[in-house]
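**Student:** First the structure, then my questions, so here it is.
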Amino acid sequence: MELTSKKVLLLAVLFAAALFVLTVWSWPRLSKRDRRSVLGRVGLLLATQLSVFAVIGLLVNQSIGAYASWADLFGENQRPGTVTHYETGPNGTELKAHGSKHDGELRR
């Protein structure tokens, strides 16, 4: 599954929703004041919040395209991307490739 796929986002949303439901369902059982119950409440809240932040991060990444793949996210992709310079036509609709820069050299 690709990082920017809708399947990954859907799984993250379903996981966050399931954790929320689990938190609400488990809260009465964890209402005691002993150490185990307090740690359970804190753990469920942290897991739910982390999953919600993961969903937000995936949504932002899909909208701005910061990371294209899992390798890109985890820093395994060591080659820099190719930057292509485009020039627009007089009415702003035509695009002509002007050249691309890769590994410090300009290709034409």
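**Student:** Of the peptides 11-17, 28-34, how do they stack up when ordered by the mean number of other Cβ atoms within 10 Å, highest first? Spell out each step's value before the answer.
**Tutor:** Working: 11-17: 15.7, 28-34: 9.7.
Sorting 11-17, 28-34 by mean packing, highest first, produces 11-17, 28-34.
**Student:** Now a separate question. What is the distance, in nm, between label points placed 7 Å from the Cα along the Cα-to-Cβ direction at Ser69 and at Leu10?
**Tutor:** Those two pseudo-labels are separated by 2.4 nm.
**Student:** Continuing with the same structure: Work out, step by step, the length gained on full extension between Trp25 and Leu50: first 0.36 nm times the residue separation, then minus their alpha carbon distance; give nm to one decimal. Let's see the in-between values first.
**Tutor:** Working: separation 25, 0.36 × 25 = 9.00 nm, distance 1.86 nm.
That works out to 7.1 nm of additional length.
**Student:** Determine by what factor the alpha-carbon radius of gyration of the range 6-73 differs from 2.2 N^0.38 Å, reporting the quotient. Working shown, then result.
**Tutor:** Working: Rg = 15.3 Å, N = 68, 2.2 N^0.38 = 10.9 Å.
Cα Rg divided by the expected 2.2 N^0.38 Å: 1.40.
**Student:** Hey, another quick one. Might you report the magnitude of the Cβ-based charge dipole of the range 6-73 about its Cα centre, with Lys and Arg at +1 and Asp and Glu at -1, to the nearest 20 debye? The partial results should precede the final answer.
**Tutor:** On the way: 8 positive and 2 negative charges, 92 e Å.
My answer is approximately 440 debye.
**Student:** How would Ile64, Ile56 line up from fewest to most surrounding beta-carbon atoms within 10 angstrom?
**Tutor:** Ile64, Ile56
A short reminder: the numbers here are calculations on the coordinates, not readings from a lab. Small disclaimer: the values here were computed from a predicted structure and weren't measured. All Cβ positions, glycine included, derive from the backbone under ideal geometry; neighbour counts span all protein chains shown.
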